[in-house]
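A short worksheet on the structure shown next.
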Amino acid sequence: MANDEKSKPKMGFTIIKNDPTDGHKGFGIGSLSLENVSPVIIDVAEGTAIVDVGAMHAKSDVERGIKFTTNREDSAGGKDYWLVWVTIDHKESGAYFAGVTACEMVVNREKRRGYKILADHVNKMDKSMKRKIIVEHMDEPSKKILADFLKNHDEAMWLNSDEQLRNHLK
């Protein structure tokens, strides 16, 4: 290809803010808005939950410097984590936790190896954005950590959320 030839612009995954169709019908139609999705990392051993926006691109503090595989044995002896995708929405009664989905992760810092299934993380983020609640597979201590985190973040949003969420996280 000659240097003066222009290659077609490539359309990649676009993360945009607000309404992608805001008054025009062109570029951005069908793009995803991730504005109301937050990744929450639960450290099972420490009993903590924090928002780490880096997880949106698999670059949370927990994931940094770790080579992930789909083989659980590679990270044997590591720490258990949950990546929870939390989507916030509004209804007449106010804001609420509309989508909450959890993905498993194991990280062995000594070996610099980790276990996760990236496709599961992506699919669970999508399901959270589609207002699904998928937390029933979490262990009981982690459910309590998540429930406490959401309640402490905003109790009104917790109470305004679907009963299914509160029942699964009891």
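The values are calculated or read from the model by the stated rules, or taken from the named source; none is laboratory data. Only a predicted model underlies this, so the values are computations on that prediction, with no experimental measurement involved. Cβ coordinates were reconstructed from backbone atoms using ideal geometry, including for glycine residues, and neighbour counts include every protein chain displayed. Ligands, DNA and RNA are stripped out before the accessible areas are found, and what is left, the full protein with its side chains, is counted by its heavy atoms. Shrake-Rupley method; radii C 1.70, N 1.55, O 1.52, S 1.80 Å.
For the reader, a short list of remarks on this structure follows.
- Residue in region 139-160 that is over 17 Å from ILE42 (Cα atoms), touching a Gly at 6+ places or on another chain (Cβ under 9 Å) and either open to solvent by 90 Å² or more (accessible area, probe 1.4 Å) or of a type outside the set (Gly, Ala, Ser) (or both) present: yes
- Residues of region 32-51 satisfying the condition of being under 19 Å from LYS143 (Cα atoms), in contact (Cβ under 8 Å) with a residue 60 or more places away in the chain, among the aliphatic types (A, V, I, L, M) and assigned to a loop (DSSP other than H, G, I, E, B): VAL44
- Residues (free of Cβ contacts under 8 Å to residues at least 60 places away in the same chain, of a type in the set (A, V, I, L, M, F, W, C) and either closer than 11 Å to VAL106 by Cα or touching a helix residue (DSSP H, G or I) at 6+ places or on another chain (Cβ under 9 Å) (or both)) located in region 52-70: ALA55, MET56, VAL62, ILE66, PHE68
- Top-ranked residue of region 71-101 - restricted to ones that are without any contact (Cβ under 8 Å) to a residue 60 or more places away in the chain and among the hydrophobic types (A, V, I, L, M, F, W, C), ranked as farthest from GLY47 (Cα to Cα): ALA76
- Residues within region 69-109 that are β-branched (Val, Ile, Thr) and surrounded by fewer than 21 Cβ atoms within 10 Å (Cβ to Cβ), tallied: 4
- Of LYS132, LYS170, all but one fail to be basic (Lys, Arg) and modelled with pLDDT under 95; the exception is LYS170.
- For region 121-138, the set of residues classified as open to solvent by 50 Å² or more (accessible area, probe 1.4 Å) and closer than 22 Å to ASP61 by Cβ consists of VAL122 only.
Conditions (1) modelled with pLDDT of 90 or more; (2) aliphatic (A, V, I, L, M); (3) exposed (fewer than 14 other Cβ atoms within 10 Å of the Cβ); (4) out of contact with any strand residue (DSSP E or B) (no Cβ under 8 Å at 6 or more places or on another chain), marked per residue:
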{"site": "PRO20", "(1), (2), (3), (4)": "no, no, no, no"}
{"site": "HIS24", "(1), (2), (3), (4)": "no, no, yes, yes"}
{"site": "PHE27", "(1), (2), (3), (4)": "no, no, yes, yes"}
{"site": "GLY30", "(1), (2), (3), (4)": "no, no, yes, yes"}
{"site": "VAL40", "(1), (2), (3), (4)": "yes, yes, no, no"}
{"site": "ASP43", "(1), (2), (3), (4)": "yes, no, no, no"}
{"site": "GLY47", "(1), (2), (3), (4)": "yes, no, yes, yes"}
{"site": "ARG64", "(1), (2), (3), (4)": "yes, no, yes, yes"}
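- Going through (1) in contact (Cβ under 8 Å) with a residue 24 or more places away in the chain; (2) open to solvent by 30 Å² or more (accessible area, probe 1.4 Å); (3) touching a helix residue (DSSP H, G or I) at 6+ places or on another chain (Cβ under 7 Å); (4) not acidic (Asp, Glu) one by one, GLY114 falls short only on (2).
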